[in-house]
């Protein structure tokens with residue numbers, strides 16, 4: 001099940017971010033900073049955190065924010081954090097999260113997505129191209 005995150009999901013989101021930052025050279029996990037960032041995202045009308053759940057447990061997350069694209073002359077979706085619990089990887093969950101984030105962007109007028117990835121992150125299984133606004137809108 002994929003759904004928007006709620007404040008009560010923050011502890012599970014922090015665990016996922018700790019896993020993500022463990023494979024990135026540029027960032028160090030700091031629970032206070034990451035909690036502050038998660039709260040800002042959850043309280044913003046221009047951002048969303050989508051989570052994947054299985055049997056009531058959060059197993060993956062993705063964050064999206066609206067930015068202004070000069071090339072598009074309007075909003076675009078910036079994807080920053082996509083992380084899937086290692087025991088659930090390679091099952092298409094990350095791709096599903098990206099689709100839902102793209103749909104969220106389309107509902108907010110975006111027609112382009114940008115994905116940030118650390119240069120040394122060898123974990124991503126594939127880069128996929130998605131049109132913003134597919135079947136979940």
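Read the figures in this text as sums done on the coordinates, not as results from a lab. Computed from a predicted model, the values in this text were never measured in an experiment. Note: ideal-geometry Cβ built from the backbone for every residue, glycine included; neighbour counts use all protein chains shown.
Quick notes
- Footprinting exposure proxy for 61, 1 (fewest neighbouring C-beta atoms within 10 Å first): 1, 61
- Put in order of Cβ neighbour count within 10 Å, fewest first, the listed residues 30, 11, 103 become 11, 30, 103.
- Spin-label model, residue 23/residue 36: points 7 Å from Cα along the beta carbon direction are separated by 2.7 nm.
- Ascending count of other beta-carbon atoms within 10 Å, so fewest first, for 7, 66: 7, 66
- Computed from label points 7 Å out along Cα-Cβ, the spacing between residue 91 and residue 57 is 1.0 nm.
- Summary of the geometry: the stretch 28-67 and the stretch 1-26, compared by the centres of their Cα atoms, lie 6 Å apart.
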